[in-house]
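Asker: Mind having a look at this structure? Questions to follow.
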Ligand SMILES: NC(=O)c1ccc[n+]([C@@H]2O[C@H](COP(=O)([O-])OP(=O)(O)OC[C@H]3O[C@@H](n4cnc5c(N)ncnc54)[C@H](OP(=O)(O)O)[C@@H]3O)[C@@H](O)[C@H]2O)c1
C-alpha cells in the first residue's frame with residue numbers, strides 16, 4: 001500500500017506528539033488538525049508536519065482533511081462529559097459519533113487505512129461512561145465495510161514525559177503529604193508512550209495489522225497505590241497514601257469534578273473498577289515493552305523537574 005501522507009486526528013496531544021515525531025522520522029507527510037493552532041505549536045518545527053485549524057466534527061471539514069491522504073489515525077478522546085445513558089454527550093460526540101463519521105468520510109474520500117485508538121477495558125457493559133462509549137466507538141470501526149482496512153489499539157494507562165497520570169500524582173504529592181485516593185487497589189499495566197507511538201506508526205504499513213484489535217501494555221502490573229508510592233519515591237516527595245473506601249472516594253471525586261480542569265471525576269473512578277491489564281503478551285508480536293522504572297525517573301526526579309523548570313524559564317516558556 002502507498003503510504004506517503006497520514007492524517008492524525010488528535011495529533012496535537014500526548015500520544016499524537018510522539019506519533020507525529022515517529023511518522024516525520026520515517027519521512028511521511030503528516031496532517032494534524034487542531035481546534036486551536038496555538039495548542040499544536042510544539043509540532044510546527046517538524047518539517048513534514050502540517051498543522052491545520054479545523055473542526056473534525058464538521059463533515060465537510062473532515063472530508064477536506066482526508067483529501068489525498070493514504071491513512072488516518074484517530075486519537076481524539078475526552079476524559080470528562082456531563083453524564084448520560086449509556087454515556088454522556090461529550091463521550092458520544094468524541095468517542096462514538098466521530099469514529100462513525102470518520103468511517104463514512106473515509107469511504108467517500110477513498111481512504112482505505114484507519115488505525116483507531118481505544119482503551120483497554122472498553123466494553124459495552126463497562127462500569128463507566130468512558131469505557132462504554134469507547135466500546136461503541138470500536139463497534140463503529142468494526143462495522144465498516146470491506147473497503148476499510150482498520151486496526152484498533154487498546155492501551156492501558158500511558159506514561160512518559162508530559163503524561164497526565166504520573167505527573168498528576170507527582171504534583172499532588174509535592175503539596176499533600178497525606179494523599180487520600182479512591183480505586184487504590186485497581187490494577188494497571190502502564191505502557192510507555194513511545195511504545196504506543198511505535199506500534200501505531202508500524203501498524204500503518206503492516207498487512208498483518210489489518211482487522212486486528214491489539215492491546216498495548218507495559219511489562220508489569222501495579223496497583224494504583226503502588227504507582228502513587230513509586231511516584232513519591234522517584235519525585236522526592238514521599239507521601240502517605242490513604243486508600244479511600246468506595247463511597248468516600250465517590251464524594252471526593254464529586255467535589256473534584258467541579259474544579260476547573262478537573263483532574264478526577266466519578267466516571268474516572270468507575271473506570272478504575274475494571275482492572276486495566278492484559279491477559280497475554282503486553283504488546284503484539286512479542287515486542288518487549290519499556291519498563292516504567294527506566295523512564296519515570298527521567299522526568300519525575302527532582303533534578304529533572306528543576307532542570308526542565310530552568311530550561312523553560314530561560315526560553316521564556318510557561319512551565
Ligand atoms: N493517555 C492515556 O493514558 C491513555 C490511556 C488509554 C487510552 N488512551 C487513548 O489514546 C488516545 C490519545 O490519548 P492522549 O492521551 O494523547 O489524549 P490527549 O493528549 O488528550 O489528546 C487528544 C487530542 O484530541 C483532540 N481533542 C480533544 N477533545 C476533542 C474534541 N472534543 N473534539 C476534537 N478534538 C478533540 C485534542 O486536540 P486539540 O486540542 O489540538 O484540538 C487533543 O490534542 C485517546 O484515544 C485516548 O483515549 C490514552
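Asker: As a test, work out the antiparallel percent of DSSP beta bridges whose residues both lie in the chain, rounded to the nearest 5.
Answerer: So the antiparallel bridges in the chain amount to around 5 percent.
Asker: For the chain, build the convex hull from the C-alpha positions and give me its volume per residue in Å³.
Answerer: Hull volume over Cα atoms, normalised by residue count, gives 134 Å³.
Asker: Hey, another quick one. Send over the semi-axes of segment 98-162's equivalent ellipsoid, whole angstrom and largest first, taken as the square roots of 5 times the C-alpha gyration tensor eigenvalues.
Answerer: Result for segment 98-162: semi-axes of 23, 15, 9 Å.
Asker: Under a crude label model (7 Å from the Cα following the beta-carbon direction), how far is residue 107 from residue 220 in nanometres?
Answerer: Here the modelled spin labels are 4.7 nm apart.
Asker: Expressed as an acute angle from 0 to 90° and rounded to the nearest 10, what is the orientation of the C-alpha long axis of helix 224-235 relative to the principal long axis of the chain?
Answerer: That helix lies at roughly 80 degrees to the long axis.
Asker: Using only the Cα atoms of segment 47-163, each taken as one equal point scatterer with no solvent, compute I(q) by the Debye sum, divide by I(0), and report log10 of the ratio at q = 0.19 Å⁻¹.
Answerer: Scattering profile of segment 47-163, log10 relative to I(0): -1.06.
Asker: Within segment 164-193, which residues have the backbone N less than 13 Å from the label spot 7 Å out from residue 240 along Cα→beta-carbon, could you tell me?
Answerer: Answer for segment 164-193: 177-180.
Asker: Looking only at 41, 27, 68, which one moves most when the chain is put into a Gaussian network model with springs between Cα atoms under 10 Å?
Answerer: Among 41, 27, 68, the largest mean-square fluctuation in the Gaussian network model of the chain belongs to 41.
Asker: Can I ask one more? Evaluate the Kirkwood expression for the hydrodynamic radius of segment 166-255, namely the inverse of the mean inverse distance over all pairs of different C-alpha atoms, and round to one decimal in Å.
Answerer: Computed over Cα pairs of segment 166-255, the Kirkwood hydrodynamic radius comes out at 15.3 Å.
Asker: Let me ask you something else. Using the alpha-carbon atoms, what tilt in degrees (0 to 90, nearest 10) does helix 98-109 show relative to the longest principal axis of the chain?
Answerer: 20 degrees
Asker: What is the Cα radius of gyration of segment 1-77 over 2.2 N^0.38 Å, N being its residue count?
Answerer: In units of the 2.2 N^0.38 Å rule of thumb, it is 0.98.
Asker: Which value in nm describes the separation of the simple spin-label points at residue 202 and residue 143, placed 7 Å from the Cα toward the beta carbon?
Answerer: Taking the simple label geometry, residue 202 and residue 143 are separated by 3.3 nm.
Asker: Semi-axes, largest first, in whole Å: what does sqrt of 5 times each Cα gyration tensor eigenvalue give for segment 168-319?
Answerer: Gyration-tensor ellipsoid for segment 168-319: 29, 23, 15 Å.
Asker: Of 276, 133, 205, which is the most mobile in a GNM of the chain whose springs link Cα atoms less than 10 angstrom apart?
Answerer: Maximum fluctuation in the GNM of the chain, among the listed residues, is at 205.
Asker: Here's a follow-up. Quick check: Cα centre of segment 168-229 to Cα centre of segment 82-140, how many Å?
Answerer: Measuring centre to centre over Cα atoms gives 20 Å.
Asker: What does the convex hull of the Cα atoms come to per residue for segment 181-228, in Å³?
Answerer: Here the figure is 89 Å³ per residue.
Asker: Please give, to one decimal in nm, the separation of the simple spin-label points placed at residue 275 and residue 233, each 7 Å out from Cα toward the Cβ.
Answerer: A separation of 2.1 nm, rounded to one decimal place.
Asker: May I ask you to compute the full-extension gain from residue 90 to residue 38, defined as 0.36 nm times their residue separation minus their alpha-carbon distance, rounded to one decimal in nm?
Answerer: Gain on extension, residue 90 to residue 38, equals 16.5 nm.
No lab work stands behind these numbers, since they all come straight from the coordinates. If you're wondering where the values come from, they're calculated on a predicted model, not measured in any experiment. Cβ sites come from the backbone with ideal geometry, for glycine too, and all protein chains shown count toward neighbours.
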